[in-house]
Amino acid sequence: MKRIVSLLLVLFSCAAVFAKEDPKYPVSAIPEDMKTGMYAVIREQELRFEINSVSSSTTYYRVVITILNSNAKSYGKEVIGYDKFNVVKSFKGVAYDAAGNVIKKLKQSDIYDQSAFDGFSLYSDNRLKRADLSQGTYPYTVEFEYETEQKCLFFIPDFRLYEDDEISIQKSKYTLAYPVALKPRYKLFKIQEPKTFSLDGREVLEWNFENVKPAKFERLSPDLDQIIPNISTAPQAFEFDNYAGRMDSWENFGKWITLLNKDKNVLPEATKKKVQELTKNAATTEEKVRILYEYLQGKTRYVSIQLGIGGYQPFAASVVEQNGYGDCKALSNYMVSMLDAAGVKANYILIRAGEDSPDIDINFPSSQFNHAIVAVPDKKDTLWLECTSQTNPFGYMGSFTGGRHALMITENGGKLIRTPVYTADQNTQSRTADVFVELTGDAKAKVKTTYRGLQYENGDLNFIVNGKYDDQKEWVQDNTEIPAFDIVNFNMTNHKDKIPAAVVNLDLTLKRFATVSGKRIFLTPNLMNRSTYIPEKLESRKTNVVLRTAYTDLDTVRYHLPEGIYPEFLPEPAKVKSRFGEYESTFTVDQGSLLYIRRVRMNKGEYPAETYKELTEFYRNINKADNTKLVFMSKT
């Protein structure tokens, strides 16, 4: 009997050994040059998109990534979004140790299914599945694989060769499969034409990549889509929730938006009468628009609505009138409807919003938008309306939607336009100050600063200027660049014009503002606008230099000196000029006071990579001038 039991144990042990999977993806198999300078390596990656019909598609994605250290720990997780138009068909995952042995296989109980709550959407049917295969010991490898089915053909996933400049790629593949009649459009950047073939009655486009080490990202560079090899894709014909359209031109895409918005602009008769009553005494179109815009701001509030095609289609103007809220599409549609009732022609506009968002690719018609606004053509000018804000100045687009292309929806379809670009003469920070210096080195200062144009948004001042006292005080503390100060008093004034401005008045005490050494007093005349930024040193710049904002700063500071103090040393006026901008500062002593004037003007533009050293030198010279110290002597 014992022999039988022993034999069975041996057999079971052998079976366990044979059942054990062979190691996969050992870290030792990665060439050293693919690991050097990287915090992760993509071993294999495949993205496959199949068009089934004008209203159906399938996405398959698989990635195997070796995580070398904690900088890449986020890649141990995977999240899949879905809704009623996007169904997750399968979701798998495996974790491997450094030797390639399986540590964990993803079970259904490990996959968390939850609402994709974004913190601001009132209604949303977006959900997500997420899984975490992160390990505490490095290196390790994770493999994720999933398939989704789309009950529409609106988006085709774009492809970037890489997203991170510290993750190398051993193998990557991108595939598009489609019926001949539904061939998608694509645009290549730094990528060769695909391999093409037929399979199961479909045409296939296939791109393969091997042993890719990403180019290092450089600061002050063009947008990543102008640097990273990528493939833009979009359908020609599509259908979304029974709304059929074409995306092969901006005009046709705009016609589809018109179809979505059809009959959404009907206002109740009482509302039309209210609009006409509000605007009956307005002398100009601009006055009418301003009255209705301010009415909109006082009557409605913004909420995000993300239900099915509601992510692209506004709900009716009558619903906004009844409820007093709406998302960007609904509020913009409501604004257009009110203007129409007042006899003012306005247009619904699609735009890609965001302070740091790149401009759309105007040469590749597709759904590249995330926001809606309103434009009112007015003779030679255009009035622009951001309808989601209850505080936004009338006609001001700012950094959120200014200076970029947008799609105007007209009776004839879509038409590309451009929103206002704010210039260096409009984006100004103008400061005057009187500083009373004592023999001890302490000082008192009265400072008035006007922030205008895009500088109205400095530190989110545009949100703070009409806010609570405590929030305003915190803003002053965070944005007053003086080493040591106490606030005696302050106030803020808001000027809500097309080019808005905020005025901040400060009454400060400055402890040990000047350094006293014997009979000498050392003082840095640049009170609170000292430049410290110098671009990092690069041996060889690869990409063009991009300065995204033009602005002008002007500081006029008068120092009232104690009696018996005279200058021992005054530096020469500083003047720095380059293609990037201009800088100058002067010092004038007159009747017991020192007048310091500083002016800097920065240009917006894109410059050749070889000018990077010139830019660095420009900033270095500004920093040197801004930190110049003056020396005063006491006669006693």
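Summed over segment 409-464, residues that are within 24 Å of ILE373 (Cβ to Cβ) and in a strand (DSSP E or B) total 10. Going through (1) at pLDDT below 95; (2) outside any strand (DSSP E or B); (3) out of contact with any Asp or Glu (no Cβ under 7 Å at 6 or more places or on another chain) one by one, ILE499 falls short only on (1).
Test of understanding: among LYS273, LYS288, LYS262, which residue is surrounded by fewer than 16 Cβ atoms within 10 Å (Cβ to Cβ), out of contact with any Phe, Trp or Tyr (no Cβ under 8 Å at 6 or more places or on another chain) and closer than 27 Å to ASN412 by Cα? After applying the criteria, what remains is LYS262.
There is at least one residue in segment 158-173 that is under 17 Å from VAL204 (Cβ atoms) and among the hydroxyl-bearing types (Ser, Thr, Tyr).
For every residue, the table says whether it meets (1) in a loop (DSSP other than H, G, I, E, B); (2) free of Cβ contacts under 8 Å to residues at least 24 places away in the same chain; (3) outside the structural domain of LEU224 (by TED's automatic domain parsing); (4) not basic (Lys, Arg).
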{"position": "VAL516", "(1), (2), (3), (4)": "no, no, yes, yes"}
{"position": "ILE521", "(1), (2), (3), (4)": "no, no, yes, yes"}
{"position": "ASN529", "(1), (2), (3), (4)": "yes, no, yes, yes"}
{"position": "TYR533", "(1), (2), (3), (4)": "yes, no, yes, yes"}
{"position": "GLU536", "(1), (2), (3), (4)": "yes, no, yes, yes"}
{"position": "GLU563", "(1), (2), (3), (4)": "yes, no, yes, yes"}
{"position": "THR588", "(1), (2), (3), (4)": "no, yes, yes, yes"}
{"position": "TYR596", "(1), (2), (3), (4)": "no, no, yes, yes"}
{"position": "VAL600", "(1), (2), (3), (4)": "no, no, yes, yes"}
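Out of the residues in segment 128-167 meeting the condition of being within 23 Å of the chain's Cα centre (by Cα) and assigned to a strand (DSSP E or B), tell me which one is modelled with the lowest pLDDT. Among those that are within 23 Å of the chain's Cα centre (by Cα) and assigned to a strand (DSSP E or B), it is LEU128. Out of the residues in segment 213-268 that are free of Cβ contacts under 8 Å to residues at least 24 places away in the same chain and outside any loop (DSSP other than H, G, I, E, B), state the one that is nearest to GLU166 (Cα to Cα). Per the criteria, the residue is ARG246.
Restrict the check to segment 570-589 and report whether at least one residue is surrounded by 15 or more Cβ atoms within 10 Å (Cβ to Cβ), farther than 23 Å from TYR612 by Cβ and small (Gly, Ala, Ser). Within segment 570-589 (the criterion being surrounded by 15 or more Cβ atoms within 10 Å (Cβ to Cβ), farther than 23 Å from TYR612 by Cβ and small (Gly, Ala, Ser)), the answer is yes, since at least one residue qualifies.
Of all residues in segment 622-636, those that are in contact with a strand residue (DSSP E or B) (Cβ under 6 Å, 6 or more places away or on another chain) and buried (at least 18 other Cβ atoms within 10 Å of the Cβ) total 4. Restricting attention to segment 312-340, the residues that are part of a helix (DSSP H, G or I) and buried (at least 21 other Cβ atoms within 10 Å of the Cβ) add up to 14.
The values are calculated or read from the model by the stated rules, or taken from the named source; none is laboratory data. It should be emphasised that the depicted structure is a prediction, and the values quoted were computed from it without experimental measurement. Methodologically, a virtual Cβ is constructed for each residue, glycine included, from the backbone with ideal geometry; neighbour enumeration extends over all protein chains shown.
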